[in-house]
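Beneath this line is the structure, given in structure tokens, with notes to follow.
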Amino acid sequence: MDLALVLIQTLNAIQYGLLLFLVASGLTLVFGVMGVINLAHGSFYMMGAYLAFTLSSLTGNLFVTIILGTLLSVVLGAVLEWALYSHLYQRNHLQQVLLTYGLMLIFEEMRSVLVDNAVHSVEVPAWANFSVPLGSVMTYPAYRLFMSVICLAVALGLYVLIQRTKVGARIRAGASNRSMVQILGINIDWLYRLVFALGVGLAAFAGMINAPASSVSPGMGSQVLIVSFVVVIVGGIGSVQGAMLASLLIAFADTFSKVLIPDYAGVAIYVVMAGILLWRPEGLFKS
């Protein structure tokens, strides 16, 4: 591989890793704080992509689409937590898996009925529809660079929220000892609702911002869900910092394995996961 190709694949890995972090961070927060195994989390990513496809045709503006779609997703997340997920906290993991798997099937059927089963695309905004030259031959899409910057900004905002604010302190306390949080007079129901709505919003935002860079298709939620669980396990359940490091690690392993060992690329991320768990069974970070 020449230098330009290495640079392109590195940029692809960073962009994929940051996008994966947005999805996985919501999953690890919900699992770490609320103790719920949410198999429907990938459906929120898919929902974001289809919202981008639907709303962009109505508004004609990607920024307006993302803002509206994120707000709708957060509201939906709060409603789902109140109506369904709030009943799972004292249930065992099998019941959580059954309910969230059923919810995933419902989302897939609703997508089929409300949209269709075809593969769609979202138009790249005109101001970002160009390529940046890398070397004398290769170029890189400007929109992908924009995605990386936005994802990094959101990741930094999430870090500040979790580590530097009172709300974040309560979220971390709820993850460590929910009974003590209740004794201190903190409304744990609203805290859980906030965490779940935040997780849904992050996943949907990732789906919306990635829609112009990839296809919007059935089954896309299931694909990202599997990789997100790998990230959560590698990074450490409930750890946002771990999710960031694991997302980048998994993204680099996946991206470069497709170039260097294409015949075995499908198992690369699982080899990384196995190696990390043999070294640190609890993951890279503890919550």
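The values are calculated or read from the model by the stated rules, or taken from the named source; none is laboratory data. Being a predicted model, the structure only gives us computed values, none of them experimental. Here Cβ is always computed from backbone atoms with ideal geometry, including for glycine, and neighbour counts include all displayed protein chains.
Please go through the stretch 55-76 and give me each residue that is over 23 Å from L194 (Cα atoms) and either surrounded by 17 or more Cβ atoms within 10 Å (Cβ to Cβ) or under 18 Å from the mean Cα position of the chain (by Cα) (or both), ordered by number.
Selection gives L55, S56, L62.
Just checking, does the stretch 95-110 include any residue being surrounded by 15 or more Cβ atoms within 10 Å (Cβ to Cβ) and either modelled with pLDDT under 85 or farther than 20 Å from G26 by Cβ (or both)?
No; the residues of the stretch 95-110 include none that is surrounded by 15 or more Cβ atoms within 10 Å (Cβ to Cβ) and either modelled with pLDDT under 85 or farther than 20 Å from G26 by Cβ (or both).
Which condition from (1) part of a loop (DSSP other than H, G, I, E, B); (2) of a type in the set (A, V, I, L, M, F, W, C); (3) free of Cβ contacts under 8 Å to residues at least 24 places away in the same chain is the one that V124 breaks?
(3)
What helices (runs of 4 or more DSSP H) completely inside the stretch 1-110 contain at least 3 residues that are in contact (Cβ under 8 Å) with a residue 40 or more places away in the chain and within 24 Å of I250 (Cβ to Cβ)?
Working: elements: 3-29, 41-59, 62-83.
In the stretch 1-110, 3-29, 41-59 are the helices (runs of 4 or more DSSP H) which contain 3 or more residues that are in contact (Cβ under 8 Å) with a residue 40 or more places away in the chain and within 24 Å of I250 (Cβ to Cβ).
So which of Q163, Q182 is more than 30 Å from A126 (Cβ to Cβ) and at pLDDT below 80? I'd like the intermediate steps shown before the answer.
Numbers: Q163 fails: at pLDDT below 80.
Unique residue meeting the criteria: Q182.
Please verify whether I250 is more than 12 Å from the chain's Cα centre (by Cα), β-branched (V, I, T) and either crowded, with 16+ Cβ neighbours inside 10 Å or modelled with pLDDT under 95 (or both), treating the condition exactly as stated.
Working: more than 12 Å from the chain's Cα centre (by Cα): yes; β-branched (V, I, T): yes; either crowded, with 16+ Cβ neighbours inside 10 Å or modelled with pLDDT under 95 (or both): yes.
Here the answer is yes, as I250 does meet what is asked.
Of the conditions (1) over 28 Å from T54 (Cβ atoms); (2) of a type outside the set (A, V, I, L, M, F, W, C); (3) surrounded by 24 or more Cβ atoms within 10 Å (Cβ to Cβ), S228 fails just one. Which one is it?
(1)
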